[in-house]
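Read through the structure below, which is laid out as structure tokens, and then see the notes.
Every number in this text was worked out from the coordinates using simple rules, so none of it is lab data. Keep in mind it's a predicted model, so treat the numbers as computed, not measured. Methodologically, a virtual Cβ is constructed for each residue, glycine included, from the backbone with ideal geometry; neighbour enumeration extends over all protein chains shown.
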Amino acid sequence: MNNKLPTFFEVQAVAQQNEIDRLKGLLHSSLGTTITDAHYNKVVLDLQPSESMREQLMQACMDFNALTGTQQAHRTEAHLAADEDFCIFVEDGYAIIQHEPTFTKYRVLGYDALQKFTVTYL
């Protein structure tokens, strides 16, 4: 049985690592998720939207990117105006790009990856 007490330096190292982890969490929550050009291009290639819909998607991406991480985290529901086809919100901690007419969702994963979901209503 090892009853050795941690040294001062071991305690300091743990405290420093805890502080680093805390600061990383704060940084992530303040920066949030960025919808990149790669994400945008993948959605455009997949859906082949009209020019006006591409502009609408680009504007939705820029609006979402302008939010802080905290503001993004509070955007948990899809809100669409009558003339909008795309919305971006957060679901289960992931940014979601939703195309309402086709019931398609893209989950943003990392810098350039997307996971596609299509909802079918019966």
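Things worth noting here:
- Straight Cα distances below 12 angstrom link Lys116 to the aspartates and glutamates Asp46, with same-chain residues fewer than 8 positions distant left out.
- With each label modelled as a point 7 angstrom along the Cα→C-beta vector, the Leu109-Glu51 pair spans 3.5 nm.
- 5 angstrom amide H check on Glu91, placed H, neighbours 5+ away: Ile96
- Couplings 3J(HN,Hα) of the range 40-46, computed from phi: 4, 4, 5, 5, 4, 5, 6 Hz, in residue order, whole Hz [Karplus 6.51 cos²θ - 1.76 cosθ + 1.60, θ = phi - 60°; x for Gly and Pro].
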